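The values are calculated or read from the model by the stated rules, or taken from the named source; none is laboratory data. All figures in this text were calculated on a predicted structure; none of them were measured in a lab. Glycine also receives a Cβ, built like all others from the backbone with ideal geometry; neighbour counts cover every protein chain displayed. These area figures cover heavy atoms from the full protein model, side chains too; ligands, DNA and RNA do not enter into them. Shrake-Rupley method; radii C 1.70, N 1.55, O 1.52, S 1.80 Å.
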Amino acid sequence: MVNIWDYANSLPRIKLKTENGIEFVGNVVMVLDAEEIDGTQDCMDIELDSGEIKSFYPDEIESIEVLK
């Protein structure tokens, strides 16, 4: 499982691969604690190149690559 909190302070541009093998490229907008979103897991919000903001939970993420 990926530790999404590793990306919370730097908010990098990333390529995220889901457990289903789908890749998303965009900028980390924020990492939220489960209590902040009334959920059971923390989540990471990414602004995709299309402008869409998508949320990902750690158990959905296979890998994260920081892009330069």
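Look at segment 31-58: where a residue is open to solvent by less than 60 Å² (accessible area, probe 1.4 Å) and a partner is of a type in the set (G, A, S), sitting 6+ places away or on another chain with Cβ atoms under 6 Å, you get V31/A8; Q41/A34; D42/A34; C43/S55; D45/S55; I46/G26; L48/G26. The set of residues from segment 18-30 being over 12 Å from the mean Cα position of the chain (by Cα) and open to solvent by 60 Å² or more (accessible area, probe 1.4 Å) comprises E19, N20, I22.
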